[in-house]
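Q: Okay, here's the structure, questions in a sec.
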Amino acid sequence: MKVRRSDRLIDMTRYLLERPHTLVPLTFFSKRYESAKSSISEDLAIVRRTFAQRQTGILETVPGAAGGVRYIPIMGQVEANDFIAEMAGRLSETDRLLPGGYVYLSDLLGTPEVLRQIGRLIATQYLDQKVDAVMTVATKGIPIAQSVSQYLNVPFVIVRRDSKITEGSTVSVNYVSASSARIEKMELSKRSLAAGSGVLIVDDFMKGGGTVNGMRSLIAEFDAKLVGISVFAEGNFSGDRMVSDYTSLIRVDEVDTKANTLHAVAGNYMDKNAARLEELAK
């Protein structure tokens, strides 16, 4: 049955939003709505313009017989600034500092809207890079990895510190915890990564970078390639971090253990992605 343009636009937009980074042939939409390709092209032009104006994403056209359109999610500069400022304010709230200098994040990382924004923000940084998998360590990084993988439309893999029989055969590495200087172990199922995969590491909080460095070692054991490292928040660390090339959305710059308070500011995300965000705004 032929579908009205208004109905086509709604359904087409929903279809694209649910399938980021997926090439959809024009013939698919043409058959789905029993409409001419010229009409579908006009509809997609409207969607493309709206996505660009609202900084929702890029609707990329791939020419040729095997071509089509691909939706690439992004977050614009203004929205990114506002979100990071909001998160810095939320982290600076009283009673977030836990014994041992840890920061309470469960309420934020348990909120769907916050996770969606984190996923879009991190995915924007890697929109033009080849990411085959998103890696994190259990447990707090899992919701972040899931959100990022959804917007990049790639699998996410979970590194564990203890053996799980459900993981099958595993590859394990020893790493040094930068904060405690202890030797720790982490492992990943052998089925998780293929050789040559491009891997993006994400985590909720980083201090000395020991855990992230351990995941980097695991990637090397699988003959895979590190694409980048992104963390939701980083804390103060008196020594030398084990990783230097990373992106953080939030940075905890002041901690007062006596008053049980902390202060958070924007991380390095906006600085590292300034040129990209400016280009997307054009």
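Q: Where a Cα-Cα gap under 21 Å defines reach, which lysines qualify for LYS164, not counting those fewer than 8 residues away within the same chain?
A: LYS140, LYS185, LYS190
Q: On to the next question. Per DSSP helix of 4 or more residues, -39500 (n - 2.57); summed, then divided by the residues of the chain. What does that give at 222 nm, rounded to the nearest 500? Show your work: numbers first, answer last.
A: On the way: 9 runs with 103 residues, N = 282.
The helix contribution divided over the chain gives -11000 deg cm²/dmol.
Q: In the structure displayed, which of LYS31/LYS130; LYS37/LYS130; LYS130/LYS282 lie more than 26 Å apart, Cα to Cα? Could you put the intermediate results ahead of the total?
A: On the way: LYS31/LYS130 31 Å; LYS37/LYS130 30 Å; LYS130/LYS282 24 Å.
Table pairs above 26 Å Cα-Cα are LYS31/LYS130; LYS37/LYS130.
Q: Can you give the FRET efficiency to the nearest 0.05 for ARG182 and GLU113, using r as the Cβ-Cβ distance and R₀ = 45 Å? Show your work: numbers first, answer last.
A: Numbers: r = 37 Å, r/R0 = 0.82.
Efficiency, rounded to the nearest 0.05: 0.75.
Q: If contacts are Cα pairs under 8 angstrom and at least 6 residues apart, what is the relative contact order of the chain in percent?
A: Working: 515 pairs, mean separation 44.4, N = 282.
Relative contact order here is 16 percent.
Q: Sticking with this one: Can you give the convex hull volume of the alpha carbon atoms of the chain per residue, in Å³? Present the calculation step by step, with values, prior to reporting the outcome.
A: Details: hull volume 42.8 nm³, N = 282.
Cα convex hull per residue, to the nearest whole number: 152 Å³.
Q: Moving to a separate point now. With Cβ to Cβ distances under 14 Å as the rule, what net charge do the other residues near GLY198 carry (K, R +1; D, E -1)?
A: Details: positive: LYS130, ARG216, LYS225; negative: ASP128, ASP132, ASP223.
That sum, taken over residues with Cβ under 14 Å, equals 0.
Q: Moving on to the next point. If I fit a long axis through the Cα atoms of helix 5-17 and take the longest principal axis of the Cα atoms of the chain, what angle between them do I get, 0 to 90°, rounded to 10?
A: The angle comes out near 30 degrees.
Q: Please rank THR94, THR211, THR61, fewest neighbouring Cβ atoms within 10 Å first, as an exposure proxy.
A: Taking fewest neighbouring Cβ atoms as first place, the list is THR94, THR61, THR211.
Q: Additional query: Working out 0.36 nm times the residue gap between VAL78 and THR50, then minus their Cα-Cα distance, what length gain in nm do you get to one decimal?
A: Values: separation 28, 0.36 × 28 = 10.08 nm, distance 1.66 nm.
That pair, VAL78 and THR50, stretches by 8.4 nm at full extension.
Q: In the Gaussian network model of the chain, springs joining C-alpha atoms below 10 Å, which of GLY210, GLY100, GLY267 carries the largest mean-square fluctuation?
A: GLY100
Q: Which residues' amide hydrogens lie under 5 Å from the amide hydrogen of PHE156, considering only partners 5 or more residues apart or on another chain, with H built in the peptide plane?
A: VAL134
Q: Using modelled amide H (1.01 Å from N, peptide plane; none on Pro or chain starts), what sits under 5 Å from the amide H of LEU226, excluding residues fewer than 5 places away?
A: Close amide H contacts, sequence-distant or interchain: VAL199.
Q: Picking from LYS185, LYS140, LYS258, which is most flexible by a Gaussian network model of the chain using Cα springs under 10 Å?
A: Sorting by GNM fluctuation, first place goes to LYS258.
Q: Applying the Karplus parametrisation 6.51 cos²θ - 1.76 cosθ + 1.60 with θ = phi - 60° to the phi angles of the range 245-251, what ³J(HN,Hα) value in whole Hz is obtained for each residue in order, glycine and proline being reported as x?
A: Calculated HN-Hα couplings, in order: 9, 8, 10, 10, 7, 10, 10 Hz.
Q: Show the residues, 5+ positions off or on another chain, whose built amide H is closer than 5 Å to the amide H of MET206.
A: ALA233, GLU234, GLY235
Q: Most exposed first by the Cβ proxy, i.e. fewest other Cβ within 10 Å, how do ILE183, ILE144 rank?
A: Values: ILE183 9, ILE144 25.
Ascending Cβ contact count within 10 Å gives the list ILE183, ILE144.
Q: Using the alpha-carbon atoms, what tilt in degrees (0 to 90, nearest 10) does helix 37-54 show relative to the longest principal axis of the chain?
A: Here the helix axis deviates by roughly 40 degrees.
Q: Roughly speaking, what is the stretch gain from SER238 to LYS164, that is 0.36 nm per residue apart minus the C-alpha to C-alpha distance, in nm to one decimal?
A: Gain on stretching SER238 to LYS164: 23.2 nm.
Q: Further question: Please build a GNM for the chain, connecting alpha carbons under 10 Å apart, and tell me which residue among THR166, THR56, THR22 fluctuates the most.
A: THR166
Q: Over the range 5-73, what is the mean sequence separation of C-alpha contacts under 8 Å (at least six apart), divided by residue count, expressed as relative contact order in percent?
A: Relative contact order for the range 5-73 comes out at 39 percent.
Q: Using DSSP to call loops (not H, G, I, E or B), can you name the trypsin sites (Lys or Arg not before Pro) in the range 1-32 whose Cβ has at most 14 other Cβ atoms within 10 angstrom? Walk me through the numbers on the way to the answer.
A: On the way: sites: LYS2, ARG4, ARG5, ARG8, ARG14, LYS31, ARG32; in loops: LYS2, ARG4.
Sparse-neighbourhood loop trypsin sites (Lys or Arg not before Pro): LYS2, ARG4.
FYI, it's all coordinate maths here, none of it is from the lab. The structure presented is a predicted model; accordingly, all values stated were derived computationally and were not measured. We place every Cβ from the backbone using ideal geometry, glycine too, and count neighbours over all the protein chains shown.
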